[in-house]
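Colleague: First, the structure itself, so that you have it in front of you.
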Amino acid sequence: MIPHPEGGAFAHPVTTGIIIATLAVLGVSGLAILWLSKSGRAKPEFRRELWLRWGSWCVLLPLMLGPVLLGREWTIGAVTVLSLFCYREYARATGLFRERVLSAMVVLGILAVNFAALDHWYGFFVALWPLMACLLGVATIPLDRPAGYIQRTALAMLAFMLFGAGLAHLGYMANDPGYRPLVLLLLTAVALNDVAAFTSGKLIGGPKLLPATSPNKTVSGSLGAVIVTTTLVAFVGAAIFRGTPLGNPVWLVAMGALVSVAGQMGDLLLSSIKRDLGIKDMGTVLPGHGGVLDRFNSLLLVAPAVFHLVGYFVGFGLSAPTRVITGH
Amino acid sequence: MQDWKLRPARDLGLSPADRLRSLSREQGLVGLALNAAWRRGVRAYLSAAHSFRVTGRENLPAEPPYVLVANHASHLDALALAAALRGPAARRAHAMAAGDFFFANPAVSALAAYAINALPVWRGRSRRADLDTMRQRLAEDHLVYILFPEGTRSRTGAMAAFQPGLGMLVAGTEIPVVPCWLDGAREAWPAQSATPRPFRPLALNIGPPLRFSGTANDRAGWQSVAAAAEAAVRALDPSSLRPQQGR
């Protein structure tokens with residue numbers, strides 16, 4: 001159980017703090033872009049790009065943070081929608097969408113694993129990894145079309161692991177009554193991680209990280225992000241996990257580094273997929289960002305990694321009612 | 001073992017509105033489900049309200065790709081032809097619809113794209129590149145095109161001459177053209193009427209397929225494809241050749 005004070009959505013000071021800080025960043029960045037536009041220092045295309053990004057964030061942030069504040073069901077529902085959007089983009093980019101049986105199975109798996117989270121049924125939640133591997137493995141055998149079996153099945157398994165089983169951990173966290181500060185911290189920390197990598201990379205420069213995978217990332221940017229994100233997550237984490245076995249500096253720093261490294265790995269994972277496909281963005285849903293996956297790639301690995309770290313030390317929803325829909 | 005390639009959707013990177021109007025639009029699960037539901041609804045309506053009958057279904061090629069061509073008197077025509085198909089052919093059927101009407105605004109485009117799986121044809125300004133895209137997709141994606149080569153609905157019931165655009169899709173390929181004759185569509189939903197008129201019978205007769213693998217892919221070839229297809233469709237008209245029509 002994550003320690004939490006009695007009261008509503010804003011009972012925990014970290015929740016309030018993150019919301020206020022987010023609104024402040026949004027407001028300040030809006031003013032900064034306004035100043036940049038008025039002063040005429042930036043080229044028109046660059047200004048347009050900045051406004052597009054900022055506008056997308058104004059729509060995106062309420063959609064991300066709102067459900068977390070509203071409650072458990074909303075959080076899991078939002079993660080389900082996010083998973084489906086991510087899968088849709090992946091399927092269209094890789095061509096897996098043409099395999100309608102397999103594609104329907106992955107969607108079914110995504111719905112099932114999020115249902116398990118909603119039901120607070122941990123047994124089913126973890127059982128869906130091997131069960132879905134079996135199902136996806138046999139799903140296209142009856143079509144009697146062995147050509148491409150390995151490739152399509154592998155694409156489907158990767159999709160379920162990343163967007164189904166992996167991302168669902170974020171929603172499952174909401175089964176703990178004290179989930180709000182942690183989930184909000186993860187959502188904002190991965191965004192900060194991207195910004196920190198971009199900023200320190202621009203400020204310091206130096207050798208490229210993995211030029212063939214992602215030509216704009218530098219080693220200095222990556223290390224800068226690790227330092228900034230680890231610091232932030234460790235400090236905020238200390239306020240969330242005070243009095244638990246995780247509330248010790250060594251583990252808090254480990255958690256912070258995990259968020260940063262797993263976030264960057266998720267980013268590089270998607271870059272690898274895009275490079276292999278020869279495309280720039282996964283979609284066009286978010287003006288200035290690209291697709292949903294381009295925005296949420298960092299969460300893909302952070303969600304399960306942090307879930308199991310916190311689960312090892314603290315546990316999620318251990319005293320909350322289980323199997324609330326299916327009963328015992 | 002075959003070479004296996006990752007093939008992103010042809011419409012990847014298009015904005016949602018552009019995607020609806022794109023000739024490269026490829027359906028996903030949502031599109032398939034909506035299209036299947038719509039097709040079943042249309043099938044139920046046609047058999048209940050117009051006692052829709054299909055003859056000559058054995059003339060349909062076993063597998064896509066192919067092109068269905070028919071006389072055109074009504075908005076029911078494309079719906080009826082799509083409703084006559086089953087299995088993969090039904091899922092891959094695309095009706096060629098007038099862009100200026102069916103893709104005039106996003107709401108109508110969404111209906112045309114998701115329900116009837118229409119692809120826009122821009123009357124009077126269809127570009128060569130568009131036709132090349134359609135020709136390429138027909139063969140590569142194993143599609144079924146539902147095409148009315150007269151270009152517009154007949155106001156009188158008499159069939160007009162076929163336009164050569166059909167030839168640009170199939171000349172010099174093994175892709176069959178299946179002539180069809182729709183009987184009763186003008187009475188069931190006249191071009192002058194805003195809604196269909198129930199309880200008027202509708203019948204579809206499917207003729208044996210034509211192939212144009214030996215026809216040159218040039219202007220003369222396209223004309224000859226159009227002429228041959230037109231003759232084959234006319235031959236199915238029960239009022240033109242009653243004694244020879246056995247069925």
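Only the coordinates and a few stated rules stand behind these numbers; no lab work does. Keep in mind the model is a prediction, meaning the values are calculated, not measured. Heads up, the Cβs are rebuilt from the backbone with ideal geometry, glycines too, and the neighbour counts pull from every protein chain shown.
Colleague: Need one number: nm distance between label points at residue A:275 and residue B:132, each 7 Å from Cα along Cα→Cβ, rounded to one decimal.
Modeller: 3.3
Colleague: Taking every DSSP beta bridge with both residues inside the protein assembly as shown, roughly what % is antiparallel (nearest 5)?
Modeller: 30
Colleague: Moving on to the next point. Working only with C-alpha atoms, what are the Rg and Dmax values of the stretch A:74-175, expressed in angstrom?
Modeller: Gyration radius and largest Cα-Cα distance of the stretch A:74-175: 13.3, 43 Å.
Colleague: 5 Å is the cut-off here: which amide hydrogens, built 1.01 Å from N in the peptide plane, fall below it relative to residue B:54, excluding neighbours closer than 5 in sequence?
Modeller: B:204
Colleague: Take the alpha carbon atoms of the stretch A:255-306, find their center, do the same for the stretch A:217-243, and report the distance between the two centers in whole angstrom.
Modeller: Computed from Cα coordinates, the inter-centre distance equals 18 Å.
Colleague: With the cut-off at 19 Å, tell me which of the pairs A:217/A:274; A:217/B:5; A:274/B:5 have Cα atoms farther apart than that.
Modeller: Those over the limit are A:217/B:5.
Colleague: Shifting gears a bit: Which whole number in µm²/s is D for chain B by Stokes-Einstein, with the Kirkwood Rh taken over Cα pairs at 25 °C and 0.890 mPa s?
Modeller: Translational D for this selection: 133 µm²/s.
Colleague: Hey, could you grab the Kirkwood Rh for the stretch A:137-176? Inverse mean 1/r over distinct alpha carbon pairs, Å, one decimal.
Modeller: When all Cα pairs of the stretch A:137-176 are included, the Kirkwood radius is 11.7 Å.
Colleague: Percentage of Cα-Cα pair distances in the stretch B:25-138 greater than 24 Å, rounded to whole percent?
Modeller: Counting every Cα pair in the stretch B:25-138, those more than 24 Å apart make up 25 percent.
Colleague: Counting other beta carbons within 10 Å of each residue's own, what order do A:85, A:163, B:212 fall into, fewest first?
Modeller: By the 10 Å Cβ count, ascending, the order reads A:85, B:212, A:163.
Colleague: From the backbone phi of the stretch A:97-109, what are the Karplus-calculated ³J(HN,Hα) couplings (6.51 cos²θ - 1.76 cosθ + 1.60, θ = phi - 60°) in whole Hz, Gly and Pro given as x?
Modeller: Going residue by residue, I get 4, 6, 8, 5, 5, 4, 5, 5, 5, 4, 4, 4, x Hz, with x marking Gly and Pro.
Colleague: Still on this model: So how far, in whole Å, is the C-alpha centre of the stretch A:52-109 from the one of the stretch A:7-31?
Modeller: 24
Colleague: Next question, about the same structure. State log₁₀ I(q)/I(0) for the protein assembly as shown at q = 0.05 Å⁻¹ as given by the Debye formula over alpha-carbon point scatterers of equal weight, solvent excluded.
Modeller: -0.29
Colleague: If every alpha-carbon in chain A counts as one equal scatterer, what log10 I(q)/I(0) does Debye give at q = 0.08, 0.09 1/Å?
Modeller: These q points yield log10 I(q)/I(0) values of -0.39, -0.50.
Colleague: As a check on your grasp of the helix formula, calculate [θ] at 222 nm for the protein assembly as shown: sum -39500 (n - 2.57) over DSSP H runs of n ≥ 4, divide by the residue count, round to the nearest 500.
Modeller: One gets -18500 deg cm²/dmol as the mean residue ellipticity at 222 nm.
Colleague: Moving on. Treat the stretch B:1-49 as a sphere of radius equal to its Kirkwood radius over Cα pairs and apply Stokes-Einstein at 4 °C in a medium of 1.567 mPa s; give the translational diffusion coefficient in µm²/s, rounded to a whole number.
Modeller: 96
Colleague: Considering only C-alpha atoms, what is the centroid distance from the stretch B:27-79 to the stretch A:160-187, in Å?
Modeller: Centre-to-centre distance over Cα atoms comes out at 45 Å.
Colleague: While we're looking at this one, here's another question. Determine the sum of side-chain charges near residue B:161: Lys and Arg each +1, Asp and Glu each -1, restricted to other residues whose C-beta is under 12 angstrom from that of residue B:161.
Modeller: Value of the local net charge: -1.
Colleague: Shifting gears a bit: Just add up the charged neighbours of residue A:115: K/R +1, D/E -1, any other residue whose Cβ is under 13 Å from the Cβ of residue A:115.
Modeller: -1
Colleague: Related question: Select from B:145, B:45, B:66 the residue whose mean-square fluctuation is largest in a Gaussian network model of chain B (Cα-Cα springs shorter than 10 Å).
Modeller: Per the Cα network of chain B with a 10 Å cutoff, B:45 tops the list.
Colleague: Please compute the contact order of chain B in relative form: average sequence separation of alpha-carbon pairs under 8 Å and at least six residues apart, divided by the residue count, as a percent.
Modeller: Relative contact order for chain B comes out at 25 percent.
Colleague: Taking only Cα atoms of the stretch B:115-190, what ratio of Rg to Rh do you get with Rh as the Kirkwood inverse-distance radius?
Modeller: My calculation of the ratio gives 0.97.
Colleague: Just how many % of Cα pairs in the stretch A:221-294 lie over 20 Å apart, if you round to the nearest whole percent?
Modeller: Across the stretch A:221-294, Cα pairs with separations above 20 Å total 48 percent.
Colleague: Pick out which of A:256, A:17, A:123 has the largest mean-square fluctuation in a Gaussian network model of chain A, springs linking Cα atoms closer than 10 Å.
Modeller: Its mean-square fluctuation being the largest, the pick is A:123.
Colleague: What does the net charge come to around residue A:42 if you take all other residues with beta carbon closer than 11 Å to its beta carbon, with K and R at +1 and D and E at -1?
Modeller: It works out to a net charge of +3.
Colleague: Can I ask one more? Could you list the GluC sites (Glu not before Pro) in the stretch B:125-187 that lie in coil according to DSSP, counting only those with at most 16 other Cβ atoms within 10 Å of their Cβ?
Modeller: B:174
Colleague: Next up: Using Cα springs under 10 Å in a Gaussian network model of chain A, which residue among A:34, A:192, A:60 shows the largest mean-square fluctuation?
Modeller: Of A:34, A:192, A:60, the Gaussian network model singles out A:34 as fluctuating most.
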